[in-house]
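The values are calculated or read from the model by the stated rules, or taken from the named source; none is laboratory data. Note that the coordinates shown come from a computational prediction; the quantities given were computed from them, not determined experimentally. Note that each Cβ is placed from the backbone with ideal geometry, even for glycine, and that neighbours are counted across all protein chains shown. For accessibility, only protein heavy atoms count, side chains too; no ligands or nucleic acids. Shrake-Rupley method; radii C 1.70, N 1.55, O 1.52, S 1.80 Å.
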Amino acid sequence: MTSKNKSFVADLAAGMEPTATTPVDRPSRLGVGVLGSRTNRLADLASGAVVDIPQELVDPARCRIWERHNRDYAALNEERCADLIETIVAQGKQEFPAIVRRVTGDPDHDYEVISGARRHWTVSWLRANNYPDIRYLIEIRSLTDEQAFRVSDLENRAREDLTDVERARDYLKALDFYYSGKQKAMAQRLNQSEAWLSRYLDLARLPNELMIAFPDPFELKISHVSTLKPILKPEDSRTRVFAEAARLAKSRADGATNIPATVPDILRALVAAAERKTKAGDKAAPKKTGSTERIFLSGGGMPLLRIDKKDKRGVSVTLFPKSGGSRAEAEVAMQELLDQHWPK
């Protein structure tokens, strides 16, 4: 290797690019060979220009799902993985690697899946259904539990196939596992606002007595929290909401067809139950200061405006311009509110 070529490799190792004015001797084809390629590769690795992360094609049976994975593996099926099944069959392989880390002391598994449970399920299903040669593409990393959580969250945050409920439950578990219950610290590590994180935590904390109202709780979105959370605050309202949720669940189990089935319809039924007045002769529960009086919903079940407080001085109203409802629906709701409290 000439002195000029030595200088070129040294520059690469130091993270420098050769300039156009720096002549570089081009070695003969014979001179490059294996040793020349290896020298350039080592220089790239030393400079940080190339990250050497090993990838392998393995039998998915040798990979176990991380117990703190943010996807509900048991909820995966052909329907939820249909798009991935179609893609892998069409391409004949898995396009993007799953992120795993090595495990020790487990004779049945070599790796733990940090991100890529749906790919794992799909490849496993295909191998059992006429595609035995397809293998699981993995990328092996060395990660702590907290790092694994953030890597998994970052990769899946923009994926539509991961539901808001799955993500919310993962955040709630992570809050105690990695951040000692400190929401501010967790939000900083995720590079998100506390308000953003709080909405997911509220979704994860919705009680089972409420969730049974929905045929598929995974259809709930983060935007629905602003509708559900207020109707659970007053004790009497919460009692009526739970009773309505139990009624819907029982009717569905009994095969009834004349009950709300979609999320927007169920939300309206729960809100209506929360607003229902006590029967004549019953002792009404005392109203709490600042408790929600009413929520106006859009045709899609999204909150438009909420009456937070009503007293002698007037009415306090919160608007939800980013909830998904339209301006026209908000104007109708506002007109109804004005007609109630400021008659023509």
Net charge near Glu194 (other residues with Cβ under 13 Å of its Cβ; Lys, Arg +1; Asp, Glu -1) is +3
The percentage of the accessible area of segment 55-203 (probe 1.4 Å, all protein chains present) made up of carbon and sulfur atoms, to the nearest whole number, is 45 percent
So Ala243 and Glu79, fully extended at 0.36 nm per residue minus their Cα-Cα distance, gain in nm 55.8 nm
Checking segment 96-187 for GluC sites (Glu not before Pro) in a loop per DSSP with at most 15 other beta-carbon atoms within 10 Å yields Glu160
Averaged per residue, the 1.4 Å probe accessible area of segment 84-132, protein heavy atoms only, in Å², is roughly 51 Å²
So the FRET efficiency between Asn258 and Glu219, C-beta based with R0 = 22 Å and rounded to 0.05, is 0.60
Share of accessible surface on carbon and sulfur in segment 223-279, whole %, 1.4 Å probe and ligands ignored, is 55 percent
Rounded to 0.05, the calculated FRET efficiency for the beta carbons of Met334 and Ala272 at R₀ = 22 Å is 0.65
Residue separation between Asp59 and Ser326 times 0.36 nm, minus their alpha-carbon distance, gives in nm 91.2 nm
Quick calc, Glu146 & Ser316: beta-carbon distance into FRET formula, R0 56 Å, rounding 0.05, result 0.85
Projected onto their principal axes, the Cα atoms of segment 83-128 stretch, largest extent first, over whole-Å spans of 37, 20, 14
Per the C-alpha gyration tensor (a ≥ b ≥ c, the square roots of its eigenvalues), segment 201-257 is rounded if a/c is under 1.5, else prolate if a/b beats b/c, else oblate; here it's oblate
Summing +1 per Lys or Arg and -1 per Asp or Glu among the other residues with Cβ less than 13 Å from Asp216's Cβ gives -2
Counting Lys and Arg as +1 and Asp and Glu as -1 over every other residue whose Cβ sits under 13 Å from the Cβ of Asp108, the net charge comes to -2
